[in-house]
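Report on the structure given below.
Nothing in this text is a laboratory measurement; each read-out follows from the coordinates by a stated rule. Remember, predicted model here, so these are calculated numbers, not experimental data. Cβ placement follows ideal geometry from the backbone for every residue including glycine, while neighbour counts extend to all protein chains displayed.
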Amino acid sequence: MGLIGDLLGMLFGGDRNAVRETVEVFRENAEAGAARATQVQMGALDQFAAEFTVPRRGAFDRFMDGLNRLPRPALALGTLGLFIAAMADPIWFGERMQGLALVPEPLWWLLGVIVSFYFGARHQAKTQDFQRDLAATMARVPQAVENIRALRALRHDSPGVADAGPDARLALAAATPEANPALEEWRRLKRA
């Protein structure tokens, strides 16, 4: 019994488990793996939470954020409003347009510069996205051309699509359209 006890003590004693340690070389300890996965997931969630945490901001910052969001909707809705005003009261609209005709050209240039700077960054980002999408589309063109070529080869009037082989009567029958009484009746009514 002493030899077996010593052997079992060597394998499982001394706060060590040789069998478990040997198995863990070949297979992950599921409990320890789950604990590591939980730590990774909690770390990612903490990072996301830190990204979207906004420090307490004052009334002026909130006001400025709201003000920065106004120009695009105001311009769009204002333009639609001008169209509605032109239809609802053309004289009122004409008076306003005559007032705009008196604005000096340098002021129009200044307005153009301001609007260009305001919307320029957005336009540049959209243009770059468009160019990236266009490049991806152009990369697919050869495949689309090949697909179109394959589809056209399947058309009923393509040469060889209904190859009848050496049977001449079958080839003639395949190339000759059959009578269609409904179509003939429709054509007859159309001529009348």
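How much length, in nm to one decimal, is gained on full extension between Leu45 and Ala59, taken as 0.36 nm per residue of separation minus their Cα-Cα distance?
Full-extension gain reported as 2.1 nm.
DSSP H helices in the chain with Cα extent of 24 Å or more along the helix axis and mean Kyte-Doolittle hydropathy at least 1.0?
Within the chain the helices that satisfy the rule are 71-88.
If R₀ is 25 angstrom, what is the calculated FRET efficiency for the pair Leu107 and Leu70, using the beta carbon separation as r and rounding to 0.05?
Computed FRET efficiency for Leu107 and Leu70 comes out at 0.70.
Mind running the shape call on region 72-127? Use the C-alpha gyration tensor, a ≥ b ≥ c as the square roots of the eigenvalues: rounded below 1.5 for a/c, prolate if a/b tops b/c, oblate otherwise.
Oblate is the answer for region 72-127, as a/c is 1.5 or above yet b/c matches or exceeds a/b.
Under the rule a/c < 1.5 gives rounded, and otherwise a/b versus b/c splits prolate from oblate, where does the chain land using the Cα gyration tensor?
Since a/c reaches 1.5 but b/c is at least a/b, the shape of the chain is classed as oblate.
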